[in-house]
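The values are calculated or read from the model by the stated rules, or taken from the named source; none is laboratory data. Every value quoted in this text rests on a predicted model; they were computed, and no experiment measured them. Every residue, glycine among them, receives a Cβ derived from its backbone with ideal geometry; neighbour counts consider all protein chains shown. Side chains are part of the model used for accessible areas, which takes the heavy atoms of the whole protein and leaves out ligands, DNA and RNA. Shrake-Rupley method; radii C 1.70, N 1.55, O 1.52, S 1.80 Å.
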Amino acid sequence: MKQSSKCAIGGIVAALSLVMMISVAVIPFLTYALPAAAGVLIIFIVVEIDKRWAFGVYATVAILGMILVPEKEVAVMYLALFGYYPILKALIEEKLPIVPEWIVKLLLFLSTMAGSYFLMIKFMGVTIDETEEFGVMAYPLLLGMGAFAFIMYDIALTKLVTLYIMKWQRLFKRYFK
């Protein structure tokens, strides 16, 4: 693939990712879905170009997201997990057998979410409304529900990659040579 095509694809993915994350100002109930969807776009860079380019696009979107996205929780979710996860997922799945792979993925998710929310609560004034109703038990409950959603997200990413490679990659390669 030509260098100009790589730059064009990277720019398109970065722009679409930023638009998705900025649109949380209009659709506020998608606080977690939009950074996750923006992360899905990184898959195309991983598959079509390589992981280094994907990391460059991730870094660009993460920096611009922290500056431009009005809802900082969305930008932090992209920065802390959803932006780089498709890149890391490819690396983990290349190197580890299935059981250690899932252990590493879940530990990554749980530690990232716990650390991110700790920092957002302490330094950004983010509040977790569920703590008023459930008290301290809200944290493990939310992490458990988040872990389930993360597993579904990982499975969906795998299916999207498979679908892309089997059905859409030929069409993509026709336009970007």
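Quick notes on this structure:
- Normalised contact order of region 1-159, rounded percent, pairs of Cα under 8 Å and 6 or more residues apart: 20
- Calculated [θ] (222 nm, deg cm²/dmol) that DSSP helices of n ≥ 4 give over the chain, each run adding -39,500 (n - 2.57): -23500 deg cm²/dmol
- Protein accessible area in region 92-172, 1.4 Å probe - carbon and sulfur %: 74
- Among 84-90, 22-28, the peptide with the highest mean count of other Cβ atoms within 10 Å heads the list, and the full ranking is 84-90, 22-28.
- Using the 1.4 Å probe convention, the accessible area of region 1-74 works out to 48 Å² per residue with neighbouring protein chains retained.
- Computed Kirkwood radius, in angstrom, where 1/r is averaged over Cα pairs of region 73-177: 15.9
- Using a cut-off of 19 Å between Cα atoms, the listed pairs K51/K167; K51/K72; K2/K89; K6/K173 include K51/K167; K51/K72; K2/K89 as exceeding that distance.
- Ordering of 101-109, 136-144 by packing [mean C-beta count within 10 Å, highest first]: 101-109, 136-144
- Angle between the chain longest axis and helix 3-22 axis [Cα atoms, degrees, rounded to 10]: 30
- All Cα-Cα distances of the chain, cut into 10 Å bins from zero to the largest, leave 9, 35, 36, 16, 4, 0 percent in each bin in turn.
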